[in-house]
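One structure is given here, and the rest of the page talks about it.
The values are calculated or read from the model by the stated rules, or taken from the named source; none is laboratory data. These numbers come from a predicted model, not from an experiment. Here the Cβ is made from the backbone with ideal geometry for all residues, glycine too, and neighbour counts use every protein chain on show. All accessible areas refer to the heavy atoms of the entire protein, side chains included, with ligands and DNA or RNA removed. Shrake-Rupley method; radii C 1.70, N 1.55, O 1.52, S 1.80 Å.
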Amino acid sequence: MGDSSSSASYIRMVHHMIEKCICFNLNKEECMDALEKHANVNPVVTATVWKELEKENKEFFETYNKEREERNIIEAETMERIQKMLSEAAASKSSDDDDDDG
(Lines give C-alpha, C1' and ligand atoms only; values in the text may rest on other atoms or scores of the structure.)
Protein backbone atom coordinates (compact mmCIF):
# COMPACT_ATOMS: atom_id res chain seq x y z
CA MET A 1 0.00 0.00 0.00
CA GLY A 2 2.80 2.43 0.84
CA ASP A 3 4.26 1.82 -2.61
CA SER A 4 1.21 3.02 -4.55
CA SER A 5 0.79 6.09 -2.34
CA SER A 6 4.46 7.01 -2.83
CA SER A 7 4.00 6.53 -6.60
CA ALA A 8 0.94 8.79 -6.53
CA SER A 9 2.85 11.33 -4.50
CA TYR A 10 5.76 11.20 -7.00
CA ILE A 11 3.34 11.71 -9.92
CA ARG A 12 1.78 14.70 -8.09
CA MET A 13 5.26 16.16 -7.57
CA VAL A 14 6.07 15.75 -11.30
CA HIS A 15 2.67 17.27 -12.15
CA HIS A 16 3.48 20.27 -9.92
CA MET A 17 6.92 20.69 -11.52
CA ILE A 18 5.37 20.54 -15.00
CA GLU A 19 3.00 23.34 -13.96
CA LYS A 20 6.05 25.38 -12.89
CA CYS A 21 7.66 24.71 -16.29
CA ILE A 22 4.48 25.95 -17.98
CA CYS A 23 4.70 29.15 -15.90
CA PHE A 24 8.17 29.60 -17.44
CA ASN A 25 6.69 29.03 -20.92
CA LEU A 26 8.55 25.77 -21.59
CA ASN A 27 7.34 23.22 -24.10
CA LYS A 28 7.22 19.50 -23.35
CA GLU A 29 10.78 18.78 -24.53
CA GLU A 30 12.23 21.73 -22.62
CA CYS A 31 10.30 20.62 -19.52
CA MET A 32 11.57 17.04 -19.89
CA ASP A 33 15.16 18.33 -20.14
CA ALA A 34 14.76 20.70 -17.18
CA LEU A 35 13.21 18.09 -14.88
CA GLU A 36 15.82 15.52 -15.83
CA LYS A 37 18.67 17.97 -15.21
CA HIS A 38 17.39 19.72 -12.08
CA ALA A 39 15.14 17.15 -10.38
CA ASN A 40 16.50 13.86 -11.73
CA VAL A 41 13.07 12.95 -13.19
CA ASN A 42 13.17 10.36 -15.96
CA PRO A 43 12.03 12.08 -19.21
CA VAL A 44 9.62 9.19 -19.88
CA VAL A 45 7.84 9.98 -16.60
CA THR A 46 7.62 13.69 -17.47
CA ALA A 47 6.36 12.91 -20.99
CA THR A 48 3.74 10.52 -19.63
CA VAL A 49 2.44 12.97 -17.02
CA TRP A 50 2.49 15.79 -19.60
CA LYS A 51 0.48 13.65 -22.03
CA GLU A 52 -2.13 12.92 -19.33
CA LEU A 53 -2.36 16.62 -18.50
CA GLU A 54 -2.90 17.38 -22.20
CA LYS A 55 -5.74 14.83 -22.32
CA GLU A 56 -7.40 16.28 -19.22
CA ASN A 57 -6.89 19.93 -20.28
CA LYS A 58 -7.12 19.83 -24.07
CA GLU A 59 -8.33 23.41 -24.57
CA PHE A 60 -5.70 24.84 -22.24
CA PHE A 61 -2.85 23.11 -24.07
CA GLU A 62 -4.20 24.07 -27.51
CA THR A 63 -4.24 27.72 -26.41
CA TYR A 64 -0.88 27.42 -24.62
CA ASN A 65 0.85 25.90 -27.65
CA LYS A 66 -0.70 28.44 -30.02
CA GLU A 67 0.36 31.36 -27.82
CA ARG A 68 3.89 29.92 -27.46
CA GLU A 69 4.14 29.70 -31.25
CA GLU A 70 2.92 33.28 -31.70
CA ARG A 71 5.31 34.54 -29.02
CA ASN A 72 8.22 32.73 -30.68
CA ILE A 73 7.37 34.32 -34.04
CA ILE A 74 7.19 37.78 -32.47
CA GLU A 75 10.51 37.23 -30.67
CA ALA A 76 12.18 36.09 -33.90
CA GLU A 77 10.85 39.13 -35.78
CA THR A 78 12.05 41.42 -32.98
CA MET A 79 15.52 39.87 -33.08
CA GLU A 80 15.65 40.37 -36.86
CA ARG A 81 14.70 44.04 -36.46
CA ILE A 82 17.33 44.55 -33.76
CA GLN A 83 20.02 42.89 -35.88
CA LYS A 84 19.03 45.01 -38.88
CA MET A 85 19.18 48.21 -36.81
CA LEU A 86 22.58 47.23 -35.40
CA SER A 87 24.02 46.45 -38.81
CA GLU A 88 22.62 49.71 -40.22
CA ALA A 89 24.11 51.61 -37.28
CA ALA A 90 27.47 49.91 -37.82
CA ALA A 91 27.38 50.70 -41.55
CA SER A 92 26.47 54.32 -40.78
CA LYS A 93 29.33 54.62 -38.27
CA SER A 94 31.70 53.09 -40.78
CA SER A 95 30.73 55.63 -43.45
CA ASP A 96 31.03 58.44 -40.88
CA ASP A 97 34.55 57.22 -40.08
CA ASP A 98 35.36 57.19 -43.80
CA ASP A 99 34.14 60.81 -44.07
CA ASP A 100 36.43 61.82 -41.20
CA ASP A 101 39.47 60.31 -42.96
CA GLY A 102 39.08 62.48 -46.05
With a ≥ b ≥ c the root eigenvalues of the C-alpha gyration tensor of the stretch 23-81, is it rounded (a/c under 1.5), prolate (a/b larger than b/c) or oblate? oblate
Computed over the chain: longest principal axis from alpha-carbon atoms vs helix 43-56 long axis, angle to nearest 10 degrees, is 80 degrees
Please name whichever of 49, 61, 24 sits farthest to the positive end of the charge dipole of the chain, dipole taken about the Cα centre and charges placed at Cβ: Lys and Arg +1, Asp and Glu -1. 49
Please work out how much length the chain gains when fully extended from residue 15 to residue 66, using 0.36 nm per residue of separation minus the C-alpha to C-alpha distance, in nm with one decimal. 16.2 nm
For the chain, what is the mean residue ellipticity at 222 nm derived from helices alone (per DSSP H run of n ≥ 4: -39500 (n - 2.57); sum divided by total residues; nearest 500 deg cm²/dmol)? -31500 deg cm²/dmol
Assuming R0 = 41 Å, what is the FRET efficiency of residue 40 and residue 83, from their Cβ-Cβ distance, to the nearest 0.05? 0.60
I need the calculated FRET efficiency for the pair residue 33 and residue 58, taking r as the beta carbon distance and R₀ as 22 Å, to the nearest 0.05. 0.35
Cysteines, the chain, no other Cys beta-carbon under 4.7 Å: 23
Which label in (i) 12.1, 32; (ii) 22.8, 87; (iii) 13.2, 38 gives the computed Rg and Dmax of the Cα atoms in Å: (ii)
Hz values of 3J(HN,Hα) by residue in the stretch 84-96 - Karplus curve (6.51, -1.76, 1.60), Gly and Pro given as x: 5, 4, 5, 5, 5, 5, 5, 5, 5, 5, 4, 6, 5
Nearest 20 debye, what's the magnitude of the dipole of the stretch 1-52 about its Cα centre given +1 on Lys and Arg Cβ and -1 on Asp and Glu Cβ? 80 debye
With +1 on each Lys and Arg Cβ and -1 on each Asp and Glu Cβ, how big is the dipole of the chain about its Cα centre, in debye rounded to the nearest 20? 1040 debye
Please report, as a whole percent, how much of the solvent-accessible surface of the chain comes from carbon and sulfur atoms (probe radius 1.4 Å). 54 percent
